[in-house]
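To keep things clear, I will list the structure first and then write my remarks on it.
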Amino acid sequence: MQRERPLSPNLQIYRPQLTSVLSITHRLTGVLLSVGSPFFVIWIVAAADGARSYAAFADMLGSPLGLALSFMWTFSLFFHLCNGVRHLVWDAGYGFELRTIYTSGWAVLAVSALLTVIAWIAGLRLGA
Amino acid sequence: MPVRSSDDVPRRTLLRRFPVPRNFNVSPESRIETGKTWPAPVGTTRTRKFAIYRFDPHAGRNPRIDTFEIDLDDCGPMVLDALIKIKNEIDPTLTFRRSCREGVCGSCAMNIDGTNWLACTRFISDTREPATIYPLNNLRIIKDLVPDLSHLFAQYALVKPWLQTKSLPPERERLQLPEERRRLDGYYECILCFCCTAGCPSHWWNPQRFLGPAALLQSWRWLSDSRDEATGERLDELEDPFRLYRCHTILNCTRTCPKHLNPGKAIASIKKLLIERRS
């Protein structure tokens with residue numbers, strides 16, 4: 001019997017590059033934001049329900065796990081936003097030179113990191 | 001330092017490959033085993049190891065990785081020179097496609113150090129120790145570095161890569177203005193090596209239904225030809241959630257093209273043309 005021919009490796013050996021890494025990060029942050037949106041709704045419902053509910057939710061949010069998750073969601077939001085703008089520009093037909101692809105990619109990473117830090121500094125100051 | 005051209009080889013890489021298990025999502029017959037090692041001859045000073053994917057269809061065994069240590073002082077400068085040296089002097093069963101040895105035929109496209117390129121235009125000095133050589137990705141392997149390209153050529157045929165006209169043929173050639181001809185620059189140079197399609201993650205996940213960057217670049221080459229009169233029919237064929245729109249603008253294609261072409265831009269141009277047609 002003829003054995004089936006092997007399939008050459010793809011994801012297992014292909015070098016991670018800014019192109020593919022930012023693409024998978026865009027998808028990943030999109031999923032994280034979807035998972036996070038019910039918590040956002042619970043937060044608003046807790047606020048509408050009154051001081052006790054809100055305090056309970058705020059305690060959860062202030063726990064180390066809550067803070068870590070919120071930080072992840074903040075970065076996800078800004079990354080998905082910035083990279084989404086990058087995709088819009090591409091869909092309009094601009095920014096396809098390899099140099100531009102890489103410059104805009106690094107810019108998206110830098111700007112989303114910066115916006116995350118700014119949002120957290122602002123948030124912690126308001127909270128204090 | 002941003003990458004400027006597809007032939008920029010990164011000096012430093014955080015990850016050589018994605019952090020997934022070696023045999024992640026791999027069918028039993030495709031699992032890779034460790035093979036033989038051929039050490040360098042005694043007395044050599046400058047050597048480079050080549051870890052090469054091997055598959056023998058008649059052995060009834062799984063593919064393996066063989067490692068060949070090459071004396072660089074007795075070898076040409078290109079990866080293809082090393083492969084030919086191995087075939088001539090070490091293991092004559094090593095099988096690969098090659099023809100022009102100057103980057104115009106596209107036969108020796110393969111995965112070198114994790115990205116797709118032509119073995120004849122990649123300097124050995126730009127590879128790492130050990131240099132890893134795999135066949136083009138996600139294709140059924142006939143032998144060693146020779147993948148079965150039939151499906152990719154069938155996808156190429158699907159975009160009807162020839163001039164289609166309805167008007168009566170003129171007395172002489174169908175003429176084109178120099179600026180109309182210039183619109184084909186950057187698209188007509190494609191040598192169909194399939195480095196881009198083999199390196200496209202979207203094509204990995206939907207190889208049957210997504211046409212892939214090489215075929216779509218060719219499609220754009222005919223869509224943008226001023227003499228072609230089948231633009232409507234060509235667009236009808238492409239207006240499909242999979243054939244065209246499985247492109248998620250990952251742009252591995254543009255990063256890897258050994259002819260410095262831009263399949264990503266070509267696909268975006270097709271998408272734009274489809275939107276303009278609707279409005």
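A few notes on this one:
- A:TRP120 being farther than 30 Å from B:LYS271 by Cβ and either surrounded by fewer than 16 Cβ atoms within 10 Å (Cβ to Cβ) or out of contact with any Ser or Thr (no Cβ under 8 Å at 6 or more places or on another chain) (or both): yes
- Under the condition of being part of a loop (DSSP other than H, G, I, E, B), of a type in the set (D, E, K, R) and within 28 Å of B:CYS75 (Cα to Cα), the residues counted in segment B:128-149 number 3.
- The single condition from (1) within 21 Å of the chain's Cα centre (by Cα); (2) within 11 Å of chain A (Cβ to nearest Cβ); (3) β-branched (Val, Ile, Thr); (4) not in a loop (DSSP other than H, G, I, E, B) that B:ILE250 fails is (4).
- If you check B:THR256, B:THR249 for being in contact with a strand residue (DSSP E or B) (Cβ under 7 Å, 6 or more places away or on another chain) and either in contact (Cβ under 8 Å) with a residue 12 or more places away in the chain or surrounded by 21 or more Cβ atoms within 10 Å (Cβ to Cβ) (or both), only one passes: B:THR256.
- Residue list for segment A:26-53, filter: surrounded by 19 or more Cβ atoms within 10 Å (Cβ to Cβ) and β-branched (Val, Ile, Thr): A:THR29
- Residue within segment B:186-193 that is more than 12 Å from the chain's Cα centre (by Cα), touching a residue at least 40 places away in the same chain (Cβ under 8 Å), within 14 Å of chain A (Cβ to nearest Cβ) and under 16 Å from B:LYS259 (Cα atoms) present: yes
- Filter result (without any contact (Cβ under 8 Å) to a residue 60 or more places away in the chain, more than 7 Å from chain B (Cβ to nearest Cβ) and touching a helix residue (DSSP H, G or I) at 6+ places or on another chain (Cβ under 9 Å)) within segment A:1-25: A:VAL21, A:ILE24, A:THR25
- Any chance B:THR44 is over 27 Å from B:THR121 (Cβ atoms) and either more than 14 Å from chain A (Cβ to nearest Cβ) or in contact with a Phe, Trp or Tyr (Cβ under 8 Å, 6 or more places away or on another chain) (or both): no
Readers should treat all values here as calculations from the given coordinates under stated rules, not as data from a laboratory. A quick note: this is a predicted structure, and the numbers were derived from the prediction, not measured. Reconstructed Cβ throughout: ideal geometry from the backbone, glycine too, with neighbour counts over all protein chains shown.
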